[in-house]
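Below: the structure, in structure tokens.
The values are calculated or read from the model by the stated rules, or taken from the named source; none is laboratory data. Only a predicted model underlies this, so the values are computations on that prediction, with no experimental measurement involved. We place every Cβ from the backbone using ideal geometry, glycine too, and count neighbours over all the protein chains shown.
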Amino acid sequence: MWTDEILEEIHKIREEYAKSLNYDLNAIFADLRKKQAESGREVVNLSRKRNLTTRWRGRVRDLDGEARNASRST
């Protein structure tokens with residue numbers, strides 16, 4: 001069977017890293033966050049930003065709570 005040497009090396013490094021932190025996901029996450037902060041690189045957040053209005057099924061709820069039709073045909 002054919003094996004990918006690069007992929008095997010990645011799996012080995014990942015296993016050693018997890019083992020060094022006792023397979024503790026919280027410790028791994030904290031360590032990765034620490035490395036991210038220390039890197040000095042800009043971190044881009046791609047999560048959606050909430051609009052001032054919430055759109056749902058063609059209706060818009062304004063900030064004052066009033067609902068109105070938001071379809072373009074009206």
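Of all residues in segment 32-74 being loosely packed, with under 10 Cβ neighbours inside 10 Å and among the β-branched types (Val, Ile, Thr), which is modelled with the lowest pLDDT?
Here the answer is THR74.
Which of the residues belonging to segment 1-31 are modelled with pLDDT of 95 or more and hydrophobic (A, V, I, L, M, F, W, C)?
Across segment 1-31, the qualifying residues are ILE6, LEU7, ILE10, ILE13, ALA18, LEU21, LEU25, ALA27, ILE28, PHE29, ALA30.
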